[in-house]
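The values are calculated or read from the model by the stated rules, or taken from the named source; none is laboratory data. What you are looking at is a predicted structure, and each value in this text was computed from that prediction instead of being measured. No Cβ is skipped: glycine too gets one built from the backbone with ideal geometry, and neighbour counts run over all protein chains shown.
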Amino acid sequence: MDKKIYIENIQASIKKIACDLVIKNITIVDVFQNSSFVSDVAIHNGYIVGLGDYSGKNEIDGSKKYICPGLIDAHAHIESSLLTPKEYYKTALIHGITSVIIDPHEIANVLGRDGINLMMDLSRDIPFDFYFMLPSCVPATEFENSGAVLNSSDLYPFYKNDKVLGLAEVMDLKAVLECDKNMIDKIYDAYINDKVIDGHCAGFSIDHINAYTTAYIKTDHECHTHKELIERIRRGMYVHIRERTVAKNLKELIQGVSIHNSRKLCLCTDDKHIDDFVKDGSIDNSIKMCIKSGLSPETSIQMATINTAECYKLNKKGAIAPGYIADFLILDSLHDFKISSVYKNGNLVVENNKLVNKDISNIKISLKTQINIPNLTEDHFKISIKNKSLLNVIEIIPNNLNTNHLKLNISSLNLNHSEYFNACTKNDLLKIGVIERHNNTGNIGLGIVKGLMLKSGAIATTIAHDSHNLIVCGTNDKDMILACNHIKKIAGGIVIIDKGEVLYSLSLEIGGLITNRKTQDVIKDLEILHSKINILSPNLTFNPFLTLSFLSLPVIPDIKITDKGLFDTINFKFINVCE
């Protein structure tokens, strides 16, 4: 804020000059005291300058309506929406979100610093605030190959950017516990720059949480039980309650929430496909769920506004109070959280569920994606079971990032006494592979998965957290090979194959992760993909594409697969598919 605006705002607050906008007689959600009260709200130069009795150049009657701060998503990988920032923000505004704290971890794993710079460039000149956490783990671990490596020296210059709030989810527990130099340098650089450090504490013991909080790692979005939530809050952590396309944790975690600990809680989405965002909502839906669970509307809104602002040191955001930026929502109903309009910096941006600002056209992006994989044959997908007695199998837990590690007796599975494993749809045992696609190393990790329930065909995608290699799963090798070859042809994306034919594909031409197309076009593609997958797997109750994409993430218990092979995440070691 320059000095002229600073002085003008003071003058407007004491009524020496007229305010730009006054909302009269509106019920204000007081996020500081978990209460509500009726007052005028005075706005000048995009800031709230007073609560009380005011007049202004423009006045709105707020009688029988409510005003609350603009929502802040505490942690999101917007690449999972499949859209660029210039398209994503439009849906976010309609759902009352005016700021998002993003971790461009996904595109950084593919494109490195260029990926971070691209996301920053695409977030400029829009009526929305994208804030950035710098990816801490590129690659996520030493157990996989990604398209880039980011060391502390690569990240440090980004701290000069005022949109950078800190270091994103530190997920390499082993590196922290062993005080790996590069990891400690990244954490310490954030610490000495007075930045926030996010955690990723899936399956952590109490000792692990102690180590993270000692290292000034401040947040966690990987709680799965309300007991874990309480243990983290006891150690001073902020807990981000997550409701995403795959992992839905709110209903369980809300059991540990009370007015006594709510100030250490934030709401986040983490990963959400754009079709789910449009259909089910985002942070706004989480607020509704909190209210339905028994929390007061004020406490629920607090968790999506002031708590997140304070966690990330956004000192002028998150409240309806003098000195705060005028990002706010006007609600028709508090208990139903029904949004009437959205304001950004004091300007109306959404009315009656529609954007009122001029649409910003998509821009040309020159970065080209190449899928560097070998010429695949059926030999690449052979899993020998000769003289073996046991299969180590990844079992999917629906709507959960965690998996179970199954150990199945081969003799009891009736696998036709073959020398090699073939998918068995009767037992829901499918073949899965991760193919390194960045540097043409030829690495192919193979495994067996249960829970995807494909009856025929194959699916593949270049969205494969976190290194985003090519992941494929199928009932036969020929369709799996065709799926991989088609992914190469379209330069990344998602594909469904059946009986040697491409049923449908979605091209993600930017890094194999996102597209420059419009929201409605992508939603139409996703609708067709979901209708086609129903042909192969008619009984699915979860998103198979995002579920598949997280089976390659070796920092989530119990068992995952990378381009280097099948990985036991509990014991931090590779294991054989067959023993």
Legend entry - Residue selected from region 55-83 under the condition crowded, with 24+ Cβ neighbours inside 10 Å and of a type in the set (S, T, N, Q), by the criterion nearest to ILE14 (Cα to Cα): SER81
Legend entry - Positions within region 112-146 being of a type in the set (S, T, N, Q), surrounded by fewer than 23 Cβ atoms within 10 Å (Cβ to Cβ) and either in a loop (DSSP other than H, G, I, E, B) or in contact (Cβ under 8 Å) with a residue 40 or more places away in the chain (or both), in sequence order: THR141, ASN145
Legend entry - Unmet criterion (only one of (1) surrounded by 22 or more Cβ atoms within 10 Å (Cβ to Cβ); (2) not in a helix (DSSP H, G or I)) for VAL149: (1)
Legend entry - Residue count for region 546-577, restricted to those that are in contact with a helix residue (DSSP H, G or I) (Cβ under 7 Å, 6 or more places away or on another chain) and buried (at least 22 other Cβ atoms within 10 Å of the Cβ): 0
Inset, instruction - Could you please let me know if LYS218 is touching a Phe, Trp or Tyr at 6+ places or on another chain (Cβ under 8 Å) and buried (at least 18 other Cβ atoms within 10 Å of the Cβ)? - result: yes
Legend entry - Failed item in (1) surrounded by fewer than 18 Cβ atoms within 10 Å (Cβ to Cβ); (2) within 26 Å of ALA92 (Cα to Cα), with HIS273 passing the rest: (1)
Legend entry - Positions within region 227-274 being closer than 14 Å to SER293 by Cβ and either among the basic types (Lys, Arg) or part of a loop (DSSP other than H, G, I, E, B) (or both), in sequence order: LYS248, ASN249, LYS251, VAL257, SER258, ILE259
Inset, instruction - Would you be able to tell me the number of residues in region 275-295 that are over 24 Å from VAL257 (Cβ atoms) and either part of a loop (DSSP other than H, G, I, E, B) or without any contact (Cβ under 8 Å) to a residue 40 or more places away in the chain (or both)? - result: 1
Inset, instruction - Could you list, in sequence order, all residues of region 165-210 that are small (Gly, Ala, Ser) and in contact (Cβ under 8 Å) with a residue 60 or more places away in the chain? - result: GLY166, ALA168, ALA202, GLY203
Inset, instruction - Could you pull out the residue among ASN539, ASN543, ASN516 that is more than 16 Å from GLU144 (Cα to Cα) and over 21 Å from the mean Cα position of the chain (by Cα)? - result: ASN539
Inset, instruction - State whether the residues of region 299-322 include one that is within 18 Å of LEU21 (Cβ to Cβ), touching a residue at least 12 places away in the same chain (Cβ under 8 Å) and buried (at least 23 other Cβ atoms within 10 Å of the Cβ). - result: yes
Inset, instruction - Restrict the check to region 46-66 and report whether at least one residue is farther than 20 Å from ILE7 by Cα, hydroxyl-bearing (Ser, Thr, Tyr) and in contact (Cβ under 8 Å) with a residue 24 or more places away in the chain. - result: yes
Legend entry - Matching residues in region 524-572 - criterion: being in contact with a Lys or Arg (Cβ under 9 Å, 6 or more places away or on another chain), farther than 24 Å from THR425 by Cα and among the aliphatic types (A, V, I, L, M): LEU553
Inset, instruction - Only one of these is under 16 Å from HIS273 (Cα atoms) and not in a loop (DSSP other than H, G, I, E, B): ILE107, ILE101, ILE28. Name it. - result: ILE107
Inset, instruction - Would you check if there is a residue in region 158-168 being modelled with pLDDT of 95 or more, closer than 30 Å to ILE373 by Cβ, within 19 Å of the chain's Cα centre (by Cα) and not in a helix (DSSP H, G or I)? - result: yes
Inset, instruction - Name the strands (runs of 3 or more DSSP E) wholly inside region 479-579 in which the number of residues that are of a type outside the set (A, V, I, L, M) and more than 28 Å from ASN404 (Cα to Cα) is 3 or more. - result: 501-507
Inset, instruction - Could you tell me whether MET289 is of a type in the set (A, V, I, L, M, F, W, C), in contact with a Lys or Arg (Cβ under 9 Å, 6 or more places away or on another chain), surrounded by fewer than 21 Cβ atoms within 10 Å (Cβ to Cβ) and at pLDDT 95 or above? - result: yes
Legend entry - Positions within region 402-419 being surrounded by 14 or more Cβ atoms within 10 Å (Cβ to Cβ) and touching a residue at least 24 places away in the same chain (Cβ under 8 Å), in sequence order: ASN402, THR403, ASN404, HIS405, LEU406, ILE410, LEU415
Inset, instruction - Go through (1) of a type in the set (Ser, Thr, Tyr); (2) out of contact with any Lys or Arg (no Cβ under 8 Å at 6 or more places or on another chain); (3) outside the structural domain of PHE143 (by TED's automatic domain parsing) one by one and return the number of the condition TYR88 breaks. - result: (3)
Legend entry - Flag for ILE94 being surrounded by 20 or more Cβ atoms within 10 Å (Cβ to Cβ), farther than 30 Å from SER146 by Cα and either of a type in the set (Ser, Thr, Tyr) or assigned by TED's automatic domain parsing to the domain that holds LYS163 (or both): yes
Inset, instruction - Would you point out the residue of region 152-171, among those that are among the charged types (D, E, K, R) and surrounded by fewer than 21 Cβ atoms within 10 Å (Cβ to Cβ), that is nearest to CYS137 (Cα to Cα)? - result: ASP154
Inset, instruction - For region 432-462, enumerate the residues that are in contact with a Cys (Cβ under 7 Å, 6 or more places away or on another chain) and part of a strand (DSSP E or B). - result: ILE432, ILE435, VAL449, ALA458, ILE459, ALA460
Inset, instruction - Working only within region 157-176, note down all residues that are under 13 Å from PRO104 (Cβ atoms) and among the hydrophobic types (A, V, I, L, M, F, W, C). - result: PHE158, VAL164, LEU165, LEU167, ALA168
Legend entry - Candidate set: region 1-40, residues that are of a type in the set (Lys, Arg) and in contact (Cβ under 8 Å) with a residue 24 or more places away in the chain; chosen: the one surrounded by the most Cβ atoms within 10 Å (Cβ to Cβ): LYS24
Inset, instruction - Just give me the residues in region 1-24 being touching a strand residue (DSSP E or B) at 6+ places or on another chain (Cβ under 6 Å), outside any loop (DSSP other than H, G, I, E, B) and more than 24 Å from SER300 (Cβ to Cβ), in sequence order. - result: ASN9, ALA12, SER13, CYS19, ASP20, LEU21, VAL22, LYS24
